[in-house]
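Visitor: Encoded as structure tokens, here's the structure I'll be asking about.
The values are calculated or read from the model by the stated rules, or taken from the named source; none is laboratory data. Just so we're clear, the structure is a prediction, and the values are computed from it rather than from any experiment. Cβ: placed from backbone, ideal geometry, glycine included. Neighbour counts: every protein chain shown. With ligands, DNA and RNA removed, areas are computed over all heavy atoms of the protein, side chains included. Shrake-Rupley method; radii C 1.70, N 1.55, O 1.52, S 1.80 Å.
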Amino acid sequence: MGTVIMHSVMSVDGFIADDKDQVGTLHDWYFDGDVPIGGGGAGEYDHSGTGGGVRVSKSSAEYVGSTWASIGVIVMGRTLFDLVNGWEGRPPTGDHVVVVSHRPKPEGWHPEASYHFAGDVAAAIEKAQELAGDRAVAVNAGDVGGQILAAGLVDEVAMDVVPVVFGTGKRFFGAVDRQYLLEDPHVVIQGERVLHLRYKVRR
């Protein structure tokens, strides 16, 4: 089975969004560079909102490109699904999305999209690994990501740290309330206005 990676962009004080689910400047580095990055599967969906697509700096390009190419499935919570309307059925990378939710897929919503809904985190990871095969499962950080970490189902933690302080907001690890040991980072890459870090979870 592929690696389960909990990932998000975050502020230096550990937030992935503010109290109103706005990301502010956290994602600017995705669109300020010179190197275009394409996702897998349906990665042609333009998340920039400007028509320019994802364009990162040369220092980030190899890491971001190879990471995105390795992903087979994204696991996300219902809050994020609702906020972005499931990326209109076209995830930024990977071939499938598993949504953790007690509510079913909205009736009539993009029937062609390979989106699956699971009632709890264990079922979501089981389905995601089945769909991913040997490719990676990318878990969005936040409350659902924290639950998956607490369930012992995360292999690695990947964070893109942006030099901004939010003060309050939505935490990278959600409501996790005990310690988890990570190994020393095996990825440390200084990009432009972002620091890429990746840690294995110590078992």
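Visitor: Part of a loop (DSSP other than H, G, I, E, B), over 22 Å from GLY24 (Cα atoms) and among the β-branched types (Val, Ile, Thr): which single residue out of VAL176, VAL188, VAL164, VAL157 fits that description?
Guide: VAL176
Visitor: Something else: Could you go through the range 142-156 and let me know if any residue there is open to solvent by less than 30 Å² (accessible area, probe 1.4 Å) and at positive phi.
Guide: yes
Visitor: Of the numbered conditions (1) within 19 Å of the chain's Cα centre (by Cα); (2) modelled with pLDDT of 95 or more, ALA175 satisfies every one except a single condition; which is it?
Guide: Tallying (1) within 19 Å of the chain's Cα centre (by Cα); (2) modelled with pLDDT of 95 or more, ALA175 fails exactly one: (2).
Visitor: Being polar (S, T, N, Q) and either free of Cβ contacts under 8 Å to residues at least 24 places away in the same chain or buried (at least 16 other Cβ atoms within 10 Å of the Cβ) (or both) is the filter here, so list the residues in the range 4-35 that pass it.
Guide: Residues satisfying the conditions are SER8, SER11, GLN22.
Visitor: Also, I was wondering about something else. Does the range 136-143 include one or more residues that are farther than 20 Å from GLY14 by Cβ and among the acidic types (Asp, Glu)?
Guide: no
Visitor: Now for a different question. State whether the residues of the range 102-121 include one that is assigned to a helix (DSSP H, G or I), crowded, with 20+ Cβ neighbours inside 10 Å and under 18 Å from the mean Cα position of the chain (by Cα).
Guide: First, the residues of the range 102-121 that are assigned to a helix (DSSP H, G or I): 121.
Remaining after also requiring crowded, with 20+ Cβ neighbours inside 10 Å: 121.
Still in the list and also under 18 Å from the mean Cα position of the chain (by Cα): 121.
Scanning the range 102-121, I find at least one residue that is assigned to a helix (DSSP H, G or I), crowded, with 20+ Cβ neighbours inside 10 Å and under 18 Å from the mean Cα position of the chain (by Cα), so the answer is yes.
Visitor: Filter the range 88-101 down to the residues that are surrounded by fewer than 20 Cβ atoms within 10 Å (Cβ to Cβ), touching a strand residue (DSSP E or B) at 6+ places or on another chain (Cβ under 8 Å) and outside any loop (DSSP other than H, G, I, E, B) and list them by number.
Guide: GLY89
Visitor: When you check ALA124 against the structure, is it under 19 Å from GLY146 (Cα atoms) and part of a helix (DSSP H, G or I), yes or no?
Guide: On the way: under 19 Å from GLY146 (Cα atoms): yes; part of a helix (DSSP H, G or I): yes.
It is true that ALA124 is under 19 Å from GLY146 (Cα atoms) and part of a helix (DSSP H, G or I).
Visitor: Go through the residues of the range 196-203 one by one and say whether even a single one is aromatic (Phe, Trp, Tyr), open to solvent by less than 50 Å² (accessible area, probe 1.4 Å) and touching a Gly at 6+ places or on another chain (Cβ under 7 Å). Spell out how you get there, then give the answer.
Guide: Just the residues of the range 196-203 that are aromatic (Phe, Trp, Tyr), to begin with: 199.
From what's left, open to solvent by less than 50 Å² (accessible area, probe 1.4 Å): 199.
Now drop any that are not touching a Gly at 6+ places or on another chain (Cβ under 7 Å), which leaves none.
Taking every residue of the range 196-203 in turn, none turns out to be aromatic (Phe, Trp, Tyr), open to solvent by less than 50 Å² (accessible area, probe 1.4 Å) and touching a Gly at 6+ places or on another chain (Cβ under 7 Å).
Visitor: Next question, about the same structure. Quick one: count up the residues across the range 172-185 that are in contact with a strand residue (DSSP E or B) (Cβ under 6 Å, 6 or more places away or on another chain) and open to solvent by 50 Å² or more (accessible area, probe 1.4 Å). Please lay out each step first, then the result.
Guide: As a first pass, look at the range 172-185 and keep what is in contact with a strand residue (DSSP E or B) (Cβ under 6 Å, 6 or more places away or on another chain): 172, 182-183, 185.
With open to solvent by 50 Å² or more (accessible area, probe 1.4 Å) added as a condition, the list becomes 182-183, 185.
Number of matching residues: 3.
Visitor: Okay, next question. Give the range 102-131 a look and list any residue that's hydrophobic (A, V, I, L, M, F, W, C) and in contact with a Lys or Arg (Cβ under 9 Å, 6 or more places away or on another chain), or say none.
Guide: Initially, the range 102-131 is screened for residues hydrophobic (A, V, I, L, M, F, W, C), giving 109, 113, 117-118, 121-125, 128, 131.
Once the filter is applied, which keeps residues that are hydrophobic (A, V, I, L, M, F, W, C) and in contact with a Lys or Arg (Cβ under 9 Å, 6 or more places away or on another chain), the range 102-131 yields ALA113, PHE117, ALA118.
Visitor: Given the residues ALA138, ALA132, which is the only one that is among the small types (Gly, Ala, Ser), out of contact with any Ser or Thr (no Cβ under 7 Å at 6 or more places or on another chain) and closer than 12 Å to HIS7 by Cα?
Guide: Result of the check over ALA138, ALA132: ALA138.
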